[in-house]
Amino acid sequence: MGCGGAGCNILQQVPGDLGLTRVALNDGAHRSMAGIPSRLLLPQGSLVGLASMDEVAVKALSSPEEKAISGAILNHDLVVPVAGLGGSTGGPAAALVGRVARILGTPTLALVASPFAAEGLNRRASAERALELLSKKVDGVVAFSNDELLRLAPKLPLVKAFQVLGAIMARPLVDLAWSMTRTDVATLRDVLRGSTRWRFGGGSAEGKHRTFEAVEEAFASPWIPSNRDAVERVVAIVGSPDYGEALAGEVAHEVRLAAPRAQVLLGGYPDPSLGSRLRVSVLTGL
């Protein structure tokens, strides 16, 4: 569920043929919603108040906003709110999606981007408040700092940086869609709930040492702390044309060497489009 303009833009980069239900949620019609088959328009002013309600004390989904979200996510195995934080819609909408999903008993994983420093102190403070609320409503939050992206490519124009970050944020969602079965969702939820902060890294390699190189590149992500002893949990997803039990074992071994204190959950899928390359995505819980 893309929440706000940034969230809907990111959702545009998720392929439509993955068997996912894509929903665009905003406070008004916007071009970022174009092409997404399901759309919700909700008034901005009510989002924070509704999202802040305690779902244990207030279980009734009585407001029109809650009913609309409930209708969109009912009977789904996993709900993934995607948002850019700092604005007036994305963060509060994502938190409200989390509240509704929790009442319905549906696992949730939020993917969110924090503002660039250049966007100003007020927007960054708003993003911190939104992240604090969201963290209370979903099973796990994967946070992407825009500033960390600029450290990798300092000359990248802001508009291009938003596009690149959107593609990166879509990666874990695509990997989960390809690799997870319905019975995996409960296990994923338990792992997500074990850590308060999650970060993403991705790597790819080919050749004799591809497993080592891909895992190392993934853990060298600017969003993952250099102190790997701080990593408590890892969800690793492997894509390769020759994915199988042997390759899964190799990747699991390298992940355990990279994060020796972490509990590891591994999944994967065959991807012929990669040619001879191996791709590894990791979600690290801190």
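Before moving on, here are some points about what is shown:
- In the set (1) at pLDDT 85 or above; (2) surrounded by 20 or more Cβ atoms within 10 Å (Cβ to Cβ); (3) in a helix (DSSP H, G or I), the condition left unmet by L165 is number (1).
- Segment 191-208: number of residues that are out of contact with any Ser or Thr (no Cβ under 7 Å at 6 or more places or on another chain), at negative phi, surrounded by fewer than 18 Cβ atoms within 10 Å (Cβ to Cβ) and not charged (D, E, K, R): 2
- Any chance V112 is crowded, with 21+ Cβ neighbours inside 10 Å and outside any helix (DSSP H, G or I): yes
- Condition met for R182 (in contact (Cβ under 8 Å) with a residue 24 or more places away in the chain, within 27 Å of G105 (Cβ to Cβ) and open to solvent by 80 Å² or more (accessible area, probe 1.4 Å)): yes
- Among the residues listed as S281, S195, the single one being modelled with pLDDT of 95 or more and within 23 Å of the chain's Cα centre (by Cα): S281
- Figure legend. Inter-residue proximity from segment 84-102: first residues on the phi > 0 side of the Ramachandran plot and small (G, A, S), second residues open to solvent by 10 Å² or more (accessible area, probe 1.4 Å) and in a helix (DSSP H, G or I), beta-carbon distance below 8 Å, spacing 6+ or different chains. Indicated pairs: G86/E119; G86/R123; G86/R124; G86/S126; G86/A130.
- The set of residues in segment 28-62 that are open to solvent by less than 50 Å² (accessible area, probe 1.4 Å), under 15 Å from L104 (Cα atoms) and either of a type in the set (D, E, K, R) or touching a Leu at 6+ places or on another chain (Cβ under 7 Å) (or both) comprises A51, E55.
- Selection count where residues are at pLDDT below 95 and more than 25 Å from D175 (Cα to Cα), scope segment 87-114: 2
- Considering L96, L188, L156, L173, the condition of being of a type outside the set (S, T, N, Q), over 15 Å from the mean Cα position of the chain (by Cα) and buried (at least 20 other Cβ atoms within 10 Å of the Cβ) is satisfied by L96 alone.
- The C-beta contact set for segment 38-67 (first residue farther than 14 Å from M1 by Cβ and in contact (Cβ under 8 Å) with a residue 12 or more places away in the chain, second residue basic (K, R) and surrounded by 13 or more Cβ atoms within 10 Å (Cβ to Cβ), distance under 8 angstrom, 6+ apart or interchain) comprises L50/R99; M53/R99; E55/R99; E55/R102; E55/K137.
- Which numbered condition E132 misses (of (1) open to solvent by 10 Å² or more (accessible area, probe 1.4 Å); (2) modelled with pLDDT under 95; (3) within 17 Å of S114 (Cα to Cα)): (2)
- Pair list, Cβ under 6 Å, 6 or more apart: segment 124-139 residue under 21 Å from T106 (Cβ atoms) and without any contact (Cβ under 8 Å) to a residue 12 or more places away in the chain, other residue aromatic (F, W, Y) and open to solvent by 30 Å² or more (accessible area, probe 1.4 Å): none
- Sole exception among (1) of a type outside the set (F, W, Y); (2) at pLDDT 95 or above; (3) open to solvent by less than 60 Å² (accessible area, probe 1.4 Å) for P225, by number: (2)
The values are calculated or read from the model by the stated rules, or taken from the named source; none is laboratory data. Source: prediction; values computed, not measured. Heads up, the Cβs are rebuilt from the backbone with ideal geometry, glycines too, and the neighbour counts pull from every protein chain shown. Only protein heavy atoms, including side chains, enter the accessible area calculation; ligands, DNA and RNA are left aside. Shrake-Rupley method; radii C 1.70, N 1.55, O 1.52, S 1.80 Å.
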